[in-house]
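Student: The structure's right below; bear with me while I get my questions together.
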C-alpha cells in the first residue's frame with residue numbers, strides 16, 4: 001500500500017508539474033488519471049520494491065550527484081582520447097566483481113557502468129558484471145571498487 005500511495009504522489013506531482021494549469025477541473029482529472037494508472041499498475045503486480053524503490057530514500061539522489069560528476073570526468077577523458085591525433089585506445093573486456101545482493105543493486109551497478117562514457121556493461125551475473133572498457137585505465141578504475149561500494153551503500157549494504 002505504501003508503494004501505491006507513493007506512486008500516486010509521484011504521478012500526480014508529475015501531472016501538476018507538466019500541466020501548469022491549476023483549475024479545479026484539471027486538478028480532478030489529474031487525480032483520476034494518476035489513480036487509474038496506479039490501479040492498473042497494482043493489478044499488473046508491478047508496484048513493489050523493485051518497480052518503485054522508495055526504500056532507497058535519500059541515498060539515491062546523493063549517488064546520482066556522485067555519478068553525474070563521474071560521467072562528466074569520463075566524458076572529458078574519452079573526448080581527449082577520441083580527439084587525440086594518436087588515440088591511446090586499448091579496449092578490454094573483463095568481469096568486474098559486484099558485491100550487490102539484490103537484482104536491483106546489480107542493475108543500478110550495471111547501468112551506472114554503461115552511463116559512464118568509455119565503459120559498457122555487456123552481461124550481468126550473480127557475482128560480477130562483464131564490462132567492455134575503452135582503455136585499461138578505465139577498467140582498472142572500475143576494478144578499484146569505488147562504484148561498487150557506492151552502489152552497495154545505496155542498496156543499504158555496509
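Where a number appears in this text, it was derived from the coordinates with a stated rule and is not lab data. Owing to the predicted nature of the structure, the values given are computational and were not obtained by experimental measurement. Glycine gets a Cβ as well: all are built from the backbone with ideal geometry, and neighbour counts include every protein chain shown.
Student: I need to check one value: relative contact order of region 110-153, counting alpha carbon pairs closer than 8 Å and at least 6 residues apart, in percent. Provide the component values of the computation, followed by the final result.
Tutor: On the way: 38 pairs, mean separation 11.1, N = 44.
In percent, rounded to a whole number, it is 25.
Student: Then there is this: Could you state the number of Å between the C-alpha centres of region 53-94 and region 10-37?
Tutor: Going from one Cα centre to the other spans 36 Å.
Student: Translational diffusion coefficient of region 27-158 at 37 °C, 0.692 mPa s, Stokes-Einstein with Kirkwood Rh over Cα pairs, in µm²/s as a whole number.
Tutor: 197
Student: Full-extension gain between residue 71 and residue 92, please, as 0.36 nm times their residue separation minus the C-alpha to C-alpha distance. Walk me through the intermediate numbers first.
Tutor: Values: separation 21, 0.36 × 21 = 7.56 nm, distance 1.93 nm.
Gain on stretching residue 71 to residue 92: 5.6 nm.
Student: Still on this model: Please list, by residue number, everything in region 1-17 whose backbone N is under 14 Å from a paramagnetic label point 7 Å out along Cα→Cβ of residue 32.
Tutor: Under 14 Å, as judged by backbone N against the label point of residue 32, lies no residue of region 1-17.
Student: Using a basic spin-label model with each label point 7 Å from the Cα along Cα→Cβ, how many nm lie between residue 2 and residue 126?
Tutor: Between residue 2 and residue 126, the simple spin-label model gives 2.9 nm.
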